[in-house]
Amino acid sequence: PVPGELADSRIVGDVLYLATYENAQCYRCGTASRTMVTSFDIRDVLAMRQVDQVAFQSSAPDYYNTVWGTNWKRSIFVTTDRLYIGGHGDIEPNTLSSGTVKEGIIDVLDITDPTGRLVRGARLEVTGAILSRWQLDESRGVLRVVSQRGAGRVTNGVGMPMVETFTINSTQSYAPLGSTAIKLPRQESLRAVRFDKDRAYAITYFLGDPLFTIDLENP
């Protein structure tokens with residue numbers, strides 16, 4: 001049994017990591033909206049054992065609209081050392097504008113313990129919400145992120161999608177490194193991202209599906 005409903009999962013070595021979401025209204029849920037990350041020792045698949053659990057509280061306003069509420073379910077990206085939990089920032093959507101408010105957050109957990117113990121790390125703010133694990137990638141000591149304001153909130157997003165890079169000093173310490181906008185011919189929403197070594201690929205949508213190629217060789 002795990003709290004809430006499943007949002008995402010990953011296996012590293014002999015450990016299963018689950019991200020689950022509670023909206024404070026489900027059966028046996030907590031009193032506040034939150035994402036839970038739970039680790040399980042799966043060496044014996046007939047007797048899986050819970051190892052650790054970390055909660056990330058949220059002020060997610062489910063009442064705003066169905067899409068916004070659903071997007072608070074956070075996605076996870078993992079390496080052998082770190083687990084990244086991406087999502088919306090704790091922002092009241094009625095107060096948002098097209099300004100410089102950062103709408104996305106990424107929480108980092110240290111998963112270097114092979115038994116599944118979880119250690120809290122940094123919390124990063126990025127331009128837009130992280131709605132998919134494909135928006136994140138780690139390469140040669142650099143975290144790469146592609147996001148857009150308004151994702152999950154308005155049909156075509158707000159402003160241009162942004163590429164952001166961060167130097168990884170440690171799981172507890174990240175420093176902004178570089179950023180650039182993907183110049184769109186018109187206002188379109190970011191729909192999909194994939195990373196491949198020194199390149200990233202992004203698809204946006206309005207009436208057609210443009211594909212953008214991003215050179216990440218120099219972060």
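Using the beta-carbon distance between residue 175 and residue 117 and R0 = 25 Å, what value does 1/(1 + (r/R0)^6) give for FRET efficiency, to the nearest 0.05? Let's see the in-between values first.
On the way: r = 26 Å, r/R0 = 1.04.
In this case the efficiency is close to 0.45.
With the helix formula -39500 (n - 2.57) applied to DSSP H stretches of n ≥ 4, the chain reaches a computed 222 nm mean residue ellipticity of -500 deg cm²/dmol.
Computed 3J(HN,Hα) for region 174-189, one whole-Hz value per residue from the Karplus formula 6.51 cos²θ - 1.76 cosθ + 1.60 where θ = phi - 60°, is 10, 10, x, 10, x, 7, 7, 8, 8, 6, 8, x, 7, 5, 9, 9, glycine and proline marked x. So, R0 is 35 Å and r is the distance between the beta-carbons of residue 57 and residue 156; what FRET efficiency does that work out to, to 0.05? For residue 57 and residue 156, the calculated efficiency is 0.70. Rolling a 1.4 Å probe over the protein heavy atoms gives the chain an accessible area of 50 Å² per residue.
Leaving out ligands, DNA and RNA, what percent of the accessible area of the chain is carbon and sulfur, probe 1.4 Å? Don't skip to the answer; put the middle values down first.
Numbers: 5480 of 10910 Å².
Using a 1.4 Å probe with all protein chains present, the chain comes out at 50 percent carbon and sulfur.
The values are calculated or read from the model by the stated rules, or taken from the named source; none is laboratory data. These numbers come from a predicted model, not from an experiment. All Cβ positions, glycine included, derive from the backbone under ideal geometry; neighbour counts span all protein chains shown. Ligands, DNA and RNA are stripped out before the accessible areas are found, and what is left, the full protein with its side chains, is counted by its heavy atoms. Shrake-Rupley method; radii C 1.70, N 1.55, O 1.52, S 1.80 Å.
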